[in-house]
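Just below is one structure, and these are the notes that go with it.
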Amino acid sequence: MSDTDLTIHQVFLPHTDPEASLAFYRDTLGFEVRNDVEYQGLHWITVGPPEQPETSIVLHPPAADPGITDDERRTIAEMMAKGTYAGINLATRDLDRTFERLQSGDAEVVQEPTDQPWGVRDCAFRDPAGNMIRVFEVR
């Protein structure tokens with residue numbers, strides 16, 4: 001038994017288009033919008049599963065960090081476009097149903113439901129910014 005009371009509160013994913021990201025995470029994934037903050041033309045959007053109010057994804061503008069250079073911004077944009085900069089793993093009890101629902105929305109399919117050699121069954125999509133979203137089946 002662990003002595004820690006730590007939980008995952010928020011994770012951050014970059015976005016390139018706040019409207020497209022909002023539509024994807026709200027309408028396609030079914031997450032609720034918890035916060036939408038605009039500051040100096042940039043948007044931070046907080047979303048999460050309705051059944052998990054204490055866990056959120058913060059969609060943030062990658063260019064907002066004043067400590068990065070223009071070269072770093074270009075590298076981040078290139079990695080995001082390839083889907084190699086950031087990602088998140090989600091879980092569902094019915095992978096086939098979830099895949100069909102996401103596929104019928106505006107999600108870009110990367111991998112159809114597959115039994116992986118390491119013992120999981122999953123599929124993969126990209127969000128509008130190119131972030132990799134893997135969905136694992138859990139029982």
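Values in this text are rule-based calculations from the coordinates and carry no lab data. Please read these numbers as outputs of a predicted model, since none were measured by experiment. When we count neighbours, we look across all protein chains shown, and the Cβ atoms used for this are built from the backbone with ideal geometry, even at glycine.
Things to note:
- For Ser56, the residues whose amide H sits under 5 Å from its own are Gln10, Val11, ignoring neighbours fewer than 5 places away on the same chain, with H placed 1.01 Å from N.
- Cα long-axis angle, helix 95-104 against the chain (0 to 90 degrees, to the nearest 10): 40 degrees
- Positive end of the dipole of the range 10-137 (Cβ unit charges, origin at the Cα centre): among Met80, Met132, Gln116, the Cα lying farthest that way belongs to Gln116.
- Per-residue packing, averaged as other Cβ atoms within 10 Å, sorts the ranges 91-103, 59-71 into the order 91-103, 59-71, beginning with the highest.
- For the range 10-137, the Kirkwood hydrodynamic radius from C-alpha pairs, put into Stokes-Einstein at 25 °C and a viscosity of 0.890 mPa s, yields a diffusion coefficient of 161 µm² per second.
- Ordering Arg34, Arg139 from the fewest to the most neighbouring beta carbons within 10 Å gives Arg139, Arg34.
- Glu19, Glu108 arranged by Cβ crowding within 10 Å, fewest neighbours leading: Glu19, Glu108
- Cα extents of the range 72-139 along the three principal axes, largest first (Å): 41, 28, 14
- In degrees, nearest ten, helix 70-82 long axis to first principal axis of the chain (Cα): 20 degrees
- Over the range 49-139, relative contact order from alpha-carbon pairs under 8 Å, at least 6 apart, %: 29 percent
- Amide H to amide H distances under 5 Å link Thr46 with Arg34, Asn35, Asp36, Val37, Leu59, where only residues 5 or more positions off or on other chains count and H is placed in the peptide plane.
- Helix-only [θ]222 nm of the chain, DSSP H runs n ≥ 4, -39500 (n - 2.57) each, per residue, nearest 500: -6000 deg cm²/dmol
- Ranked list, fewest to most other Cβ atoms within 10 Å of each Cβ, for Glu137, Glu32, Glu51, Glu38: Glu51, Glu38, Glu32, Glu137
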